[in-house]
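A.B. asks: I'd like to ask you about the structure that follows.
The values are calculated or read from the model by the stated rules, or taken from the named source; none is laboratory data. All values derive from a computational prediction rather than experimental measurement. As a convention, Cβ positions derive from the backbone with ideal geometry for all residues, glycine included, and neighbour counts pool all protein chains shown. These area figures cover heavy atoms from the full protein model, side chains too; ligands, DNA and RNA do not enter into them. Shrake-Rupley method; radii C 1.70, N 1.55, O 1.52, S 1.80 Å.
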Amino acid sequence: MIRTHEAGTLRASHAGERVVLAGWVARRRDHGGVVFLDLRDASGVAQVVVRESQSVHELRAEFCVKVDGQVRTRPAGNENPDLPTGAIEVVADTVDVLSAADPLPFPIEGSAEVSEDVRLKYRYLDIRREDTAHALRVRSQAAYLLSDVMREHRFVQVETPYLTRSTPEGARDFLVPVRLRPGNWYALPQSPQLFKQLLMVGGLERYFQLARCFRDEDFRKDRQPEFTQIDIEMSFVTREDVLAVAEDIVATLWSELAGYQLSRPLPRMTYADALARYGSDKPDLRFECELTDLTEYFAGTGFRVFQAPYVGAVVMPGGAGQSRREFDQWQEWARSRGAKGLAYATFAADTGEVGGPVAKNLSDQERDGLAGAVNAKPGDCVFFAAGPAHASRELLGAARVEIGRRCELIDEAAWSFLWVVDAPMFEQTDDGGWTAVHHPFTAPLPHWADTFTADPGTALADAYDIVCNGYEIGGGSIRIHRSDMQQAVFDTIGLSKQEAQSQFGFLLDAFKYGPPPHGGIAFGWDRVMMLLAGVPTIRDVIAFPKAASGLDPLTGAPTAITAAQRKEAGIDAQADARAAARPAV
Ligand code: ASP
């Protein structure tokens with residue numbers, strides 16, 4: 001080894017020892033005749049004292065150096081109790097420059113605000129910063145803990161392919177041209193869904209993987225085109241078994257990395273309840289503020305806007321005192337979410353009298369009963385949404401979260417977990433057909449096993465999502481394991497026999513050979529890490545993330561290719577239809 005000790009490990013007990021350290025110059029302070037260097041390595045920082053006669057003038061921040069010297073206790077009064085190595089310093093005999101550093105694009109030490117694009121362009125320097133390095137270490141620690149839990153449960157770790165066929169998680173695929181089959185393309189997996197089911201047919205019974213997934217979705221604030229899942233599948237299980245393993249993982253991670261003891265079993269709520277009460281399939285239960293269903297209340301109303309299939313409301317505590325401008329901002333907020341606006345009424349702080357634009361449209365009776373119906377106090381305001389139930393509830397649910405933020409109702413130090421279960425199997429598409437809410441391999445709840453085709457709109461799935469602080473951190477389901485039922489789902493979502501055969505024939509074939517009943521779940525690992533590391537975006541817990549634009553400022557990817565590469569990859573070639581089909585064995 002180049003060094004004898006790691007800088008951050010030196011203590012008063014090392015005083016008198018000769019040491020060799022290696023690391024980076026974190027800070028330099030010149031004090032007439034002596035120079036103090038903070039030497040940083042992965043373990044921490046130690047103070048190095050160098051006589052100026054030694055050639056230190058050239059040393060700048062982030063030079064990589066080697067120091068030979070002797071440890072001594074710091075002179076009385078110079079100790080730094082905030083630093084683990086604050087009792088000692090290393091008096092250097094020699095300082096060797098291992099490599100020099102150019103002037104830096106941003107300071108490594110301290111907490112200077114640096115734009116994300118610059119941080120990502122110089123990610124290797126950003127990783128030298130304490131917060132970024134810490135997030136990556138938490139992630140590594142979590143992976144060790146995860147593999148302990150999975151080993152205890154006797155899971156088999158399997159790597160599934162990245163070059164494969166399209167998988168149906170509802171996003172666009174990233175495609176890879178195939179030189180040896182010009183005109184044919186691999187898809188990068190949106191998840192290992194089909195492979196993990198095949199592993200169950202293969203009899204492994206318990207599979208897990210920290211799997212990379214690829215989804216070409218429109219770029220949203222906190223999405224990455226490639227991300228990581230803890231992917232899990234189990235045979236001969238009911239929902240309870242899958243949930244128990246998932247809770248073990250969450251309980252271990254939160255106990256070890258957040259010092260939080262989960263109380264188990266985690267609460268459960270049906271999807272229908274979550275939507276009705278919180279306007280969301282991932283409700284943040286760190287605060288109350290439930291929605292009120294006013295459809296009955298306004299059943300006979302003369303107010304045209306409220307003559308709708310659903311009328312609901314959410315109360316903003318103390319909201320009556322908002323200025324006209326603030327209420328206008330709420331309208332803009334609603335419009336930015338695609339709503340027409342956000343109707344509201346206020347309850348005067350002194351008299352409780354109903355005011356605001358909606359008030360004059362209500363009958364005396366509707367006005368008088370309103371505070372009671374929505375459970376509002378004088379000084380509150382209430383926001384309404386009227387229209388189709390799902391969209392109106394989602395608008396109120398988003399308003400609820402916004403209210404939680406603006407009124408500081410959310411205890412940021414709290415953790416709230418729950419399972420949201422029994423989502424619908426299907427939802428209607430714009431053209432009146434049906435599409436799977438989870439994915440088309442999700443089994444119906446037993447009650448709908450024989451009837452889901454007759455009434456796809458009401459059938460519920462044996463599916464579950466785990467929610468933490470308003471984020472969906474995982475989701476899964478009990479799967480279909482019979483070809484006839486699988487075929488019925490494909491029929492319902494309008495996938496013809498030929499299409500199903502060509503896309504998923506291998507799965508349908510596998511189901512001919514004694515597939516076991518099975519089910520599983522996948523956690524969004526990046527999101528879990530974001531919550532555990534206490535950082536605002538998943539980019540902070542990914543070593544080399546794409547920027548918010550979806551591009552990579554570090555390598556400059558994606559890049560154009562040359563005409564020769566284009567030709568060689570067969571990008572413009574027409575696929576030979578016979579070659580594209582699955583070969584018969
Ligand atoms: N493959 C699913 C997903 O990526 C998870 C699962 O059903 O296990 O959402």
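A.B. asks: If Leu104 passes every condition in (1) away from the ligand (no atom under 16 Å from the Cβ); (2) in contact with a strand residue (DSSP E or B) (Cβ under 6 Å, 6 or more places away or on another chain) but one, which one does it miss?
C.D. replies: Condition not satisfied by Leu104: (2).
For (1) touching a residue at least 40 places away in the same chain (Cβ under 8 Å); (2) among the hydrophobic types (A, V, I, L, M, F, W, C); (3) within 14 Å of Gln190 (Cα to Cα); (4) outside any helix (DSSP H, G or I), each residue gets a yes or a no:
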| residue | (1), (2), (3), (4) |
| --- | --- |
| Ile230 | yes, yes, yes, yes |
| Val237 | yes, yes, no, yes |
| Val242 | yes, yes, no, no |
| Asp248 | yes, no, no, no |
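A.B. asks: Inside segment 136-149, can you point out the residues that are in contact with a helix residue (DSSP H, G or I) (Cβ under 8 Å, 6 or more places away or on another chain) and over 16 Å from Asp540 (Cα atoms)?
C.D. replies: At the first step, the residues of segment 136-149 found to be in contact with a helix residue (DSSP H, G or I) (Cβ under 8 Å, 6 or more places away or on another chain) are 136, 138-139, 141-142, 145-146, 148-149.
Leu145, Leu146, Asp148, Val149 - these are the residues of segment 136-149 that are in contact with a helix residue (DSSP H, G or I) (Cβ under 8 Å, 6 or more places away or on another chain) and over 16 Å from Asp540 (Cα atoms).
A.B. asks: List pairs: first residue in segment 209-222 and acidic (Asp, Glu), second residue part of a strand (DSSP E or B) anywhere in the structure, Cβ distance under 8 angstrom, at least six positions apart or on different chains.
C.D. replies: Here the result reads Asp216/Arg172; Glu217/Arg172, each pair linking segment 209-222 to a residue that is part of a strand (DSSP E or B).
A.B. asks: Let me ask another. Which pairs have Cβ atoms under 7 Å, sit 6 or more apart or on different chains, and link a residue in segment 137-153 that is touching a residue at least 60 places away in the same chain (Cβ under 8 Å) and open to solvent by less than 40 Å² (accessible area, probe 1.4 Å) to one that is among the hydroxyl-bearing types (Ser, Thr, Tyr) and in a helix (DSSP H, G or I)?
C.D. replies: Leu145/Thr252; Val149/Thr252
A.B. asks: Any chance you could count how many residues in segment 211-228 are within 12 Å of the ligand (Cβ to nearest atom), outside any strand (DSSP E or B) and either in contact with a Cys (Cβ under 7 Å, 6 or more places away or on another chain) or open to solvent by 60 Å² or more (accessible area, probe 1.4 Å) (or both)?
C.D. replies: 0
A.B. asks: Of the conditions (1) assigned to a strand (DSSP E or B); (2) away from the ligand (no atom under 16 Å from the Cβ), Ser477 fails just one. Which one is it?
C.D. replies: Here Ser477 clears every test but (2).
A.B. asks: Quick check on my filter: what residues within segment 71-117 are charged (D, E, K, R) and assigned to a loop (DSSP other than H, G, I, E, B)?
C.D. replies: Going through segment 71-117, the residues charged (D, E, K, R) turn out to be 72, 74, 79, 82, 89, 93, 96, 102, 109, 113, 116-117.
Arg74, Glu79, Asp82, Asp102, Glu109, Glu113, listed by residue number.
A.B. asks: When the residues of segment 175-197 are filtered to those that are closer than 22 Å to Phe219 by Cα and more than 15 Å from the ligand (Cβ to nearest atom), which remaining residue is nearest to the chain's Cα centre (by Cα)?
C.D. replies: Ranking the candidates gives Leu175 first.
A.B. asks: Only one of these conditions is not met by Ile561: (1) more than 28 Å from Trp419 (Cβ to Cβ); (2) open to solvent by 20 Å² or more (accessible area, probe 1.4 Å); (3) part of a helix (DSSP H, G or I). Which number is it?
C.D. replies: (3)
A.B. asks: Tell me, which residue of segment 229-242 that is under 18 Å from Val201 (Cα atoms) and out of contact with any Leu (no Cβ under 7 Å at 6 or more places or on another chain) is most open to solvent (accessible area, probe 1.4 Å)?
C.D. replies: Taking segment 229-242 first, the residues under 18 Å from Val201 (Cα atoms) are 231-238, 242.
Of the ones still in play, those that are also out of contact with any Leu (no Cβ under 7 Å at 6 or more places or on another chain) are 231-232, 234-238, 242.
Values: Asp231: 2, Ile232: 2, Met234: 2, Ser235: 11, Phe236: 133, Val237: 22, Thr238: 78, Val242: 1 Å².
Step by step, filter segment 229-242, then rank; the result is Phe236.
A.B. asks: Give, as residue ranges, the helices (runs of 4 or more DSSP H) completely inside segment 262-378 that count at least 1 residues that are more than 30 Å from the chain's Cα centre (by Cα) and surrounded by 13 or more Cβ atoms within 10 Å (Cβ to Cβ). Quick ask: steps written out before the conclusion?
C.D. replies: Working: elements: 271-278, 324-336, 364-374.
Once the helices (runs of 4 or more DSSP H) in segment 262-378 are filtered for at least 1 residues that are more than 30 Å from the chain's Cα centre (by Cα) and surrounded by 13 or more Cβ atoms within 10 Å (Cβ to Cβ), what remains is 324-336, 364-374.
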